[in-house]
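The structure under discussion appears below in the form of structure tokens.
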Amino acid sequence: MLYIVPSPIGNLADITFRAVEILKSVDLILAEDTRTSGKLLRHYQIDKPTSSYHQHNEHKIIGHLTEQLSSGKTMALITDAGTPGVSDPAFLLVRECIKNNIKVECLPGATAFVPALVNSGLPMNSFCFEGFLPLKKGRQTFFKGMAEEQRTMVYYESPMRLVKTLKDFIEYFGPQRPCSVSRELTKIFEETKRGTLQEVHDYFDAKKVKGEIVIVVGGKE
């Protein structure tokens, strides 16, 4: 059996009681970065074998993992932060398990875009989550297409590219489109800045940006 276990996006207290129980019960914990996950596991005194599972090795080891699961082993998949599969590896392994009739169970838990969306003050009845933006190839086409989107849009971005991305949004969406940027969610320096795209751009352009970033942009009226 494979458990998909969300991990805290910052504050270690945000893990669920059930998640801790599952991590203590499995035969093996698959972690995106065993060093990062090690802090969480030590904090909750979880002493189980861990193995790396990330986008650079998942294709190579997925067959071996499926064989172990088929033989009766139980595993839990965690990432550095948030829910596996949401802009993090999980899809390939889940799909392979389903193909091989291996039971998969996903626990509810932390993921960064939900609190950012709720905090934004923008409509939540209908929204689209786009994850990370294209870096180069297809970026212009992507922005042109999203400019017509009427639902609230949610994106992940790195602090180094935040200002450039906001500038691109202004170019394709217009400077007055409502926007909210959340960073360092659940951490000491958590911050959410709301306003027009131009206002939010100017705010972050004038300061050094750190932390994980979630951008929420209003849809086209």
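Hey, can you tell me all the residues within segment 30-46 that are within 17 Å of TYR3 (Cα to Cα) and over 20 Å from the mean Cα position of the chain (by Cα)?
ILE46
Tell me which of these THR83 doesn't satisfy, since it passes every other one: (1) closer than 24 Å to GLU157 by Cβ; (2) surrounded by 18 or more Cβ atoms within 10 Å (Cβ to Cβ); (3) more than 15 Å from the chain's Cα centre (by Cα).
(3)
In segment 187-221, how many residues are at pLDDT below 95 and on the phi > 0 side of the Ramachandran plot?
Within segment 187-221, residues that are at pLDDT below 95 and on the phi > 0 side of the Ramachandran plot number 1.
Suppose we filter THR186, THR111, THR141 for residues that are polar (S, T, N, Q), in contact with an Asp or Glu (Cβ under 7 Å, 6 or more places away or on another chain) and not in a strand (DSSP E or B); which single one remains?
THR186
For segment 70-96, which residues satisfy the criterion of being hydrophobic (A, V, I, L, M, F, W, C) and either free of Cβ contacts under 8 Å to residues at least 40 places away in the same chain or farther than 19 Å from ASP27 by Cα (or both)?
Answer for segment 70-96, where residues must be hydrophobic (A, V, I, L, M, F, W, C) and either free of Cβ contacts under 8 Å to residues at least 40 places away in the same chain or farther than 19 Å from ASP27 by Cα (or both): ALA81, VAL86, PHE91, LEU92.
Give all pairs with beta carbons closer than 9 Å in which a residue from segment 199-221 that is free of Cβ contacts under 8 Å to residues at least 12 places away in the same chain meets a residue that is buried (at least 22 other Cβ atoms within 10 Å of the Cβ) and β-branched (Val, Ile, Thr); count only pairs at least 6 apart in sequence or on separate chains.
That search, which allows pairs on different chains as well, returns TYR203/VAL181.
Could you list, in sequence order, the residues of segment 173-189 that are out of contact with any helix residue (DSSP H, G or I) (no Cβ under 7 Å at 6 or more places or on another chain) and closer than 11 Å to ASN119 by Cα?
Once the filter is applied, which keeps residues that are out of contact with any helix residue (DSSP H, G or I) (no Cβ under 7 Å at 6 or more places or on another chain) and closer than 11 Å to ASN119 by Cα, segment 173-189 yields nothing.
Please state which of the following conditions LYS99 fails to meet, knowing it meets all the rest: (1) charged (D, E, K, R); (2) free of Cβ contacts under 8 Å to residues at least 12 places away in the same chain; (3) within 25 Å of GLU212 (Cβ to Cβ).
If we test LYS99 against (1) charged (D, E, K, R); (2) free of Cβ contacts under 8 Å to residues at least 12 places away in the same chain; (3) within 25 Å of GLU212 (Cβ to Cβ), just (3) comes out false.
Here are some conditions: (1) assigned to a strand (DSSP E or B); (2) touching a Ser or Thr at 6+ places or on another chain (Cβ under 8 Å); (3) buried (at least 18 other Cβ atoms within 10 Å of the Cβ). VAL154 meets all but one. Which one does it not meet?
(2)
Cβ-Cβ below 7 Å, separation at least six or inter-chain, first residue in segment 130-143 and under 16 Å from GLY218 (Cα atoms), second of a type in the set (D, E, K, R): which pairs?
Here the result reads PHE143/ASP168, each pair linking segment 130-143 to a residue that is of a type in the set (D, E, K, R).
The values are calculated or read from the model by the stated rules, or taken from the named source; none is laboratory data. The structure presented is a predicted model; accordingly, all values stated were derived computationally and were not measured. Cβ coordinates were reconstructed from backbone atoms using ideal geometry, including for glycine residues, and neighbour counts include every protein chain displayed.
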